Protein chains: 2
Amino acid sequence: MGIQSTIEASSAKFTPAMRRVAMVIRDTPSLVLDKTIYELAATCGTSVASVVRFCQALGLSGYAQLRMSLATELGKETAQFGSNLILGAEIARSDTLQEMASKVASLEMLAIDETVSGLDYEALERVVAALDGAQRILLFGIGASQFVAQDLHHKLFRIGRNAFLLADPHEAWTAALLSPPRTVAVGFSHSGETADTVRYIEIARQAGALTIALTGSPDSALARAADECLVSRARESRLRAGAMVSRIAQLAIVDCLFLGVASQRYEQTVDALERTRDVTHPR
Amino acid sequence: MGIQSTIEASSAKFTPAMRRVAMVIRDTPSLVLDKTIYELAATCGTSVASVVRFCQALGLSGYAQLRMSLATELGKETAQFGSNLILGAEIARSDTLQEMASKVASLEMLAIDETVSGLDYEALERVVAALDGAQRILLFGIGASQFVAQDLHHKLFRIGRNAFLLADPHEAWTAALLSPPRTVAVGFSHSGETADTVRYIEIARQAGALTIALTGSPDSALARAADECLVSRARESRLRAGAMVSRIAQLAIVDCLFLGVASQRYEQTVDALERTRDVTHPR
DNA sequence: CCATCTCTGAAACAAAACTTCAGAACTTTG
DNA sequence: CAAAGTTCTGAAGTTTTGTTTCAGAGATGG
């Protein structure tokens, strides 16, 4: 229950002095945040004792609690998370920089939200378990998706996993073909139709690897070729080659994978991260 | 901007005692609302003096202000946006995969929102103009920030700009030193204290390049070294080395830059994108 | 190994919040 | 209408909470 509604509700049983306090607070609740109890009492034309009694009448322990409650409540009211939210409009050449920024930010926030709430957590569990138990992890991605693959590679490697980013076609080909037992191969492609990536996954699967598709399209060639599929959701704008939104959605999935694998051996991981951190950020 | 992002951004210049305070607050910010400064100090294993110093390091007058800021901020956060929004709690080992995913997704959405609404659009305009008019664009980034630099490189290059990603230290050094006229140099570093990156930017600036910092901390060494500064806002979780949230925030800025530059010559850009697209996605 | 500088917490200090209590104001009742 | 009782109020005193100072511990650099 909000404090301000409580004030309203309790106002019947207030004494005159308390009612004056209630009135001032109703008009400018922010006064409570700025002023001390003495100043507020003066503003209300009453004494501090009455202000304290007012707080207690509301069921609060005192002025400090009134402050906290009002502060959080005012915070809620001014909440503007997604103040940039402009959706349903294409990014146009006529847009100002600020409009474009807001639009792309909105699309990206939406993509993260949709991707994460739409995730198949059972599949995610299986993939995390597979990555955790893998002897070798192969990551395939081309073009914009390569950055995503690279990102996962960096994260997995940093916590001590045998992850390989196969950027070179020859390397990719041979790595896929020679998958040792307990190899997990992950293919990255937003469209799911990047021919090379699909091919690598097919080969790795034939070679006995467990294959995973990370794509924006659950019935794409890549998704069909792989054992498991994790789907990112993104509405790309026309300036799509930037692959801005889709990349963010894919990175969100990468983060879920990373957190999953990392948490399997939490202490160990945090330790590894902190030790590597000392190296990269000496102090 | 948000206190919690500010804590994150300033954490580089904290002393050990202050860092302990920062950590406790990052894990459970609501403690500040419930506990007195004495109790909090005890929880952090430090003295009240250090807590006060911590507040002042954030630019606040003291504990009272920290309380207010955090209270309003927590209030804001509980005002719902996405279906996943879970904030104010550290990602813990006990979390289920789904909880972890929701938390990181929330943090990432929040980071995009805070970053884009906190952007200095005048600076952004200037940077876009500079990038657009540049003869040569140098991009410096190390470690996790290198991926961000890479991303911008990929985007700029694809729309026909002379952008260079200097990954190798020798290359970076020489490229910075030999900046031809109308060179723009961009340094990427979330902390803003990555020594090499700062150095490259300093050199490039001395060589006559226009220098730009893309960092999470507006009063970091990198920001001071550069002519312009674009600030990303991110609250990283404890599994920070993943650099999950900060990376997303930086990418959001990269997208703004890209959209800005791209829209300067809209038709040309869309054309370039579509032609390169035909090559990468034949149909 | 010493000088210097930074960081830290105990203790003194200041400010704010809370409690008490005596008297004012209002109610009730004979 | 006045006396007794009740409730309400704010000044002053008390306690709690927050801030500043300062001397010593510890790190840093020569």
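The values are calculated or read from the model by the stated rules, or taken from the named source; none is laboratory data. These figures come from a predicted structure and were not determined experimentally. Virtual Cβ from ideal backbone geometry, glycine too; neighbours counted across all protein chains shown.
Does A:TYR200 satisfy the criteria of being at pLDDT 95 or above and aromatic (Phe, Trp, Tyr)? So A:TYR200 passes the test. Candidates are the residues of the stretch A:192-204 that are crowded, with 19+ Cβ neighbours inside 10 Å and part of a loop (DSSP other than H, G, I, E, B); the one that is nearest to the chain's Cα centre (by Cα) is A:GLY192.
Can you tell me which residues in the stretch A:111-130 are assigned to a helix (DSSP H, G or I), hydrophobic (A, V, I, L, M, F, W, C) and out of contact with any Ser or Thr (no Cβ under 8 Å at 6 or more places or on another chain)? Matches in the stretch A:111-130: A:ILE112, A:ALA123, A:LEU124, A:VAL127, A:VAL128, A:ALA129, A:ALA130.
Taking the listed residues A:ALA12, A:ALA64, the one that is among the aliphatic types (A, V, I, L, M) and surrounded by fewer than 13 Cβ atoms within 10 Å (Cβ to Cβ) is A:ALA12, with no other qualifying. Condition check: surrounded by 21 or more Cβ atoms within 10 Å (Cβ to Cβ), within 23 Å of B:THR96 (Cα to Cα), at the interface with another protein chain (Cβ under 9 Å from one of its Cβ atoms) and modelled with pLDDT of 90 or more. Does A:VAL127 satisfy that? Taking the combined requirement at face value, the residue does not satisfy it.
The conditions of being within 30 Å of B:GLU99 (Cβ to Cβ) and assigned by TED's automatic domain parsing to the domain that holds A:MET109 are not met by A:GLN206. Would you check if A:SER5 is within 14 Å of DNA strand C (Cβ to nearest atom) and among the small types (Gly, Ala, Ser)? So A:SER5 fails the test. Annotation: of all residues in the stretch A:108-121 being in contact with an Asp or Glu (Cβ under 8 Å, 6 or more places away or on another chain) and not charged (D, E, K, R), the one that is surrounded by the most Cβ atoms within 10 Å (Cβ to Cβ) is A:ILE112. Does the stretch B:22-39 contain at least one residue that is in a helix (DSSP H, G or I), under 22 Å from B:PRO218 (Cα atoms) and either within 13 Å of DNA strand C (Cβ to nearest atom) or touching a His at 6+ places or on another chain (Cβ under 6 Å) (or both)? Yes, the stretch B:22-39 contains at least one residue that is in a helix (DSSP H, G or I), under 22 Å from B:PRO218 (Cα atoms) and either within 13 Å of DNA strand C (Cβ to nearest atom) or touching a His at 6+ places or on another chain (Cβ under 6 Å) (or both).
Scanning the stretch A:44-72 for residues being more than 8 Å from DNA strand D (Cβ to nearest atom) and of a type in the set (Lys, Arg) gives a total of 1. For the stretch A:65-76, a residue qualifies if it is of a type in the set (Lys, Arg) and either more than 12 Å from DNA strand C (Cβ to nearest atom) or not assigned by TED's automatic domain parsing to the domain that holds A:MET23 (or both), and exactly one does: A:LYS76.
When the stretch B:16-35 is limited to residues that are of a type outside the set (A, V, I, L, M, F, W, C) and within 19 Å of B:ARG53 (Cβ to Cβ), the one that is surrounded by the most Cβ atoms within 10 Å (Cβ to Cβ) turns out to be B:PRO29.
Looking only at the stretch B:236-267, which residues are modelled with pLDDT under 80 and either away from chain A (no Cβ under 11 Å) or farther than 19 Å from B:ALA163 by Cα (or both)? Within the stretch B:236-267, B:GLU236, B:SER237, B:ARG238, B:LEU239, B:ARG240, B:ALA241, B:GLY242, B:GLU267 meet the criteria. For the stretch A:131-180, the set of residues classified as touching a residue at least 24 places away in the same chain (Cβ under 8 Å), charged (D, E, K, R), outside any loop (DSSP other than H, G, I, E, B) and over 18 Å from B:HIS154 (Cα atoms) consists of A:ASP132, A:ARG136, A:LYS155, A:ARG158, listed by residue number. Of all residues in the stretch B:1-43, those satisfying the criterion of being of a type outside the set (Val, Ile, Thr), more than 16 Å from DNA strand D (Cβ to nearest atom) and within 23 Å of B:LEU119 (Cα to Cα) are B:MET1, B:GLY2, B:GLN4, B:SER5, B:GLU8, B:ALA9, B:SER10, B:SER11. Would it be correct to say that A:ALA105 is at pLDDT 90 or above and within 15 Å of DNA strand C (Cβ to nearest atom)? No: the conditions fail for A:ALA105.
Looking only at residues of the stretch A:53-64 that are near DNA strand C (Cβ under 9 Å from one of its atoms) and under 42 Å from the mean Cα position of the chain (by Cα), we find that the one that is nearest to the other protein chains (Cβ to nearest Cβ) is A:ALA64. Restricted to the stretch B:40-49, and to residues there that are buried (at least 18 other Cβ atoms within 10 Å of the Cβ) and within 11 Å of DNA strand C (Cβ to nearest atom), the residue that is nearest to A:ALA64 (Cα to Cα) is B:ALA41.
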